[in-house]
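Undergrad: Okay, here's the structure, questions in a sec.
The numbers here are math on the coordinates, done by the rules we state, and not lab data. Computed from a predicted structure; not experimentally measured. Methodologically, a virtual Cβ is constructed for each residue, glycine included, from the backbone with ideal geometry; neighbour enumeration extends over all protein chains shown.
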Amino acid sequence: MRLNCPLCGPRDRREFYYSGSEDLLNRPAADATVEAWNDMLHLRLNPAGVTRDLWYHETGCGSWLLVTRNTVTHEILATERVADRKGAA
């Protein structure tokens, strides 16, 4: 599988570290319940089909990417830098 890094171009997936679904970008509030934090940290969906996942370009530019891909066909539909998303801090 090859991911297209917006800064470095197409790269083999071995240059990247998979971190999980984009839901990790939506953390509970600091004063949220233990259950809310537990759910965010430990309960993961494993859908078949199109997902949006976080990947870190570990051996490249060091960017966090949001990758839209199909888990059934392994087709990469889109990649974007998390830092370039509207409203990113």
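Undergrad: Which label belongs to the value computed from this structure, given these candidates for P(r) over Cα pairs in 10 Å bins from 0, in percent: (i) 15, 28, 23, 19, 9, 4, 1; (ii) 16, 44, 31, 9, 0; (iii) 15, 39, 26, 15, 4, 1?
TA: (ii)
Undergrad: I've got another one for you. Summing Lys, Arg as +1 and Asp, Glu as -1, what charge do residues with Cβ under 12 Å from the Cβ of Thr51 carry, Thr51 excluded?
TA: Every neighbour counted, the sum reads -1.
Undergrad: Still on this model: Can you give the direction-averaged projected area of the convex hull of the alpha-carbon atoms in the range 1-53, in nm²?
TA: 5.1
Undergrad: Would you calculate, for the chain, the mean residue ellipticity at 222 nm contributed by helices, counting each DSSP H stretch of 4 or more residues as -39,500 (n - 2.57) and dividing by all residues, to the nearest 500?
TA: That calculation yields -3000 deg cm²/dmol at 222 nm.
Undergrad: Separate question: Running a GNM on the chain with Cα contacts under 10 Å, which residue among Ala32, Ala78, Ala48 ends up with the highest mean-square fluctuation?
TA: Ala32
Undergrad: Let me ask another. For the chain, give the magnitude of the charge dipole about the Cα centre (Cβ charges: +1 Lys/Arg, -1 Asp/Glu; no others), in debye to the nearest 20.
TA: Here the size comes out at about 300 debye.
Undergrad: Hey, in the chain, which Cys have no second cysteine's beta-carbon closer than 4.7 Å?
TA: Cysteines lacking a close Cβ partner in the chain: Cys61.
Undergrad: At a threshold of 8 angstrom on Cα-Cα distance, excluding pairs fewer than six apart, so keeping six or more, what relative contact order does the range 2-84 reach in percent?
TA: Relative contact order, the range 2-84: 30 percent.
Undergrad: Then there's this: Describe numerically, in nm with one decimal, the distance between label points set 7 Å from Cα along Cα→Cβ at Glu35 and at Ser21.
TA: It works out to 1.9 nm between the two label points.
Undergrad: Count neighbours as other Cβ atoms within 10 Å of each site's Cβ, and list the trypsin sites (Lys or Arg not before Pro) in the chain that are DSSP loop with at most 15 such neighbours. Before the final figure, lay out each step's value.
TA: On the way: sites: Arg2, Arg11, Arg13, Arg14, Arg44, Arg52, Arg69, Arg81, Arg85, Lys86; in loops: Arg44, Arg85, Lys86.
Loop-located and lightly packed - Arg44, Arg85, Lys86.
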